[in-house]
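Reviewing the structure listed below.
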Amino acid sequence: MFPATRLRRLRSHPRLRDLVRETELTPNDFILPLFVRYGKNTRIPINSMPGHAQMTVDLLAAEAREIARLGIPAVILFGIPEKKDAIGSSSWDDAGVVQQAIRCLKDATPDLLVITDLCFCEFTDHGHCGVLHECGGHTDVANDATLANLVKQAVSHAQAGADMIAPSGMMDGMIQALRSGLDTAGFSHIPIMSYAAKYASGFYGPFREAAESTPKFGDRRTYQMDPANGAEALREVALDLTEGADLLMVKPALSYLDIIRRVKDAHPEVPLAAYNVSGEYAMVKAAAANGWIDEQRVAMEILTSIRRAGADMILTYHAKDACRWLADR
Ligand code: PBG
C-alpha cells in the first residue's frame, strides 16, 4: 500500500472534496474598491481595468445597491477631485468628492460598510502622498506636516459617515496621530485599517491611471517598502499595532503571500486584509481576453491562495464577479 493512495482516496468523490476543503471563499471575504469622480452623470471606464470605471456621485446609489445585493459587505473609496493643489486641501473639504460619496452610500445602502482610503496622492498636483519639503538636497514628503493634514482628512471622512478609515500613506507615527485625532474629535468608535506593509510596487500601474495619482516626479520609495524586505514588514506591523491599528493590511497580495503568512503567524489575533491590487487584476483580465487563461478559474484560484496564505479579507476588483461565480456553483 502506497501512502499516496490514502491521500487520493480523499479526492475520490466531489462531496468528499467539499468536506475536506480547508479554505472556503464567501462574499463576506471581499472589499470592493470604488473610484468616485467629480462631476455629474459620468462613467469613465478604466481601460487597464476592464469592468471598472470612475463614477460620479449621482451614479453611486444604483451601484451600491447592486454591490449589497451580491452580498459584498464593504467598499473602499478613492476620490478623483476637480481641483488639486500642493497640499491636497480638497481631501478634507466637507463638500469634497469622497465626503459626498460617503453620504450618498450611507443613504442608499446603510448596511454597506464604507471604508475610505486615506491618502493625498489623488489630491496633490504633484501626485505624492503628502506635503513636500526639501531635505538633504532633494524633494521628499514631509512626515509630520503630512500627519496633521491626514488627521483633518480622517475627521472629515468620519463626519461624513465613514465606518472605517484606511490610511495608505506609510508615514511614520501615522496610526497614533490618527487614533488620537479621531478620539479627540469624538470618533473613538471608528476603527483604523492600516496599510501596514505596503510595498513600492510596479503592480499599482493601472490604479495610478484610474485614480489619476501618478507622481509627477520621483517615486514612492522613500515611504513605501522595498520588495526585497520581509522582516521589515513585521517591524512595520508591530509599530502600527502599538500605535492602535485595529486591522492590518499587506499590499500587494500575490508577490507577497509569504508576508501575509508571516504577519498572520506573528499576530493571529489581529484581522488581516490583503490588497489584490490593480496590476494583479489587469494581468488576469488581459490574459483572459486573449484566451490564454480561464478567467473564473484563475481569479478564484488567486483569491483562494490569498485566503490560504492567511488573509481574513481581500480588497479585490474581482469581488462582484467572484460573488456571481460563488452563487452559480
Ligand atoms: C494610495 C494607494 C495606491 C493604491 C491604493 N492606495 C497607489 C499607490 O500607492 O501608489 C494602489 C491600489 C491598486 O493598485 O489597486 N492612495
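For every residue, the table says whether it meets (1) touching an Asp or Glu at 6+ places or on another chain (Cβ under 9 Å); (2) open to solvent by less than 60 Å² (accessible area, probe 1.4 Å).
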position	(1), (2)
ARG21	no, no
THR26	no, yes
THR56	no, yes
ARG65	no, no
ASP93	no, no
ALA101	no, yes
ASP107	no, no
GLU122	yes, yes
Selection from region 129-166 of residues that are within 30 Å of ARG103 (Cα to Cα), open to solvent by 10 Å² or more (accessible area, probe 1.4 Å) and in a loop (DSSP other than H, G, I, E, B) | VAL131, GLY161, ASP163
Within region 110-126, can you find the residues that are under 21 Å from LYS198 (Cα atoms) and in a loop (DSSP other than H, G, I, E, B)?
-> CYS119, PHE120, CYS121, GLU122, PHE123, HIS126
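Taking the condition of being in a loop (DSSP other than H, G, I, E, B) and either of a type in the set (A, V, I, L, M, F, W, C) or touching a Lys or Arg at 6+ places or on another chain (Cβ under 7 Å) (or both), how many residues in region 213-230 meet it?
5
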Sort out which residues of region 109-137 are more than 25 Å from PHE207 (Cβ to Cβ) and over 22 Å from the mean Cα position of the chain (by Cα), and write them in order of number.
-> HIS133, GLU134, CYS135, GLY136, GLY137
Report, by residue number, each residue of region 109-120 that is acidic (Asp, Glu) and buried (at least 21 other Cβ atoms within 10 Å of the Cβ).
-> ASP117
Which residues, taken from region 75-91, are open to solvent by 10 Å² or more (accessible area, probe 1.4 Å) and of a type in the set (Gly, Ala, Ser)?
-> ALA86, SER89, SER90
Of the residues in region 213-254, those that are within 16 Å of the ligand (Cβ to nearest atom), under 16 Å from the mean Cα position of the chain (by Cα) and surrounded by fewer than 20 Cβ atoms within 10 Å (Cβ to Cβ) come to LEU247, LEU254
State which residue is farthest from ARG308 (Cα to Cα) when the search covers only region 255-295 and only residues that are open to solvent by 60 Å² or more (accessible area, probe 1.4 Å) and of a type in the set (Asp, Glu).
-> ASP294
List every residue pair whose Cβ atoms sit under 6 Å apart, with the two residues 6 or more apart in sequence or on different chains, where the first one lies in region 51-80 and is within 16 Å of the ligand (Cβ to nearest atom) and the second, anywhere, is part of a helix (DSSP H, G or I).
-> LEU77/VAL98; LEU77/ALA101; GLY79/VAL97; GLY79/VAL98
Identity of the residue in region 300-320, more than 16 Å from the ligand (Cβ to nearest atom), in contact with a helix residue (DSSP H, G or I) (Cβ under 9 Å, 6 or more places away or on another chain) and at negative phi, that ends up most open to solvent (accessible area, probe 1.4 Å) = ARG308
Take region 261-299 and flag every residue that is within 16 Å of the ligand (Cβ to nearest atom) and part of a helix (DSSP H, G or I).
-> SER278, GLY279, GLU280, TYR281, ALA282, MET283, VAL284, LYS285, ALA286, ALA299
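With respect to MET193, determine if the residue is within 14 Å of the ligand (Cβ to nearest atom) and assigned to a loop (DSSP other than H, G, I, E, B). Break it down into steps so the answer makes sense when it comes.
On the way: within 14 Å of the ligand (Cβ to nearest atom): yes; assigned to a loop (DSSP other than H, G, I, E, B): no.
So MET193 fails the test.
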Every residue from region 202-212 that is more than 8 Å from the ligand (Cβ to nearest atom) and part of a loop (DSSP other than H, G, I, E, B) | GLU212
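The values are calculated or read from the model by the stated rules, or taken from the named source; none is laboratory data. Just so it is clear, the model here is predicted, and its values are computed rather than measured. Glycine also receives a Cβ, built like all others from the backbone with ideal geometry; neighbour counts cover every protein chain displayed. These area figures cover heavy atoms from the full protein model, side chains too; ligands, DNA and RNA do not enter into them. Shrake-Rupley method; radii C 1.70, N 1.55, O 1.52, S 1.80 Å.
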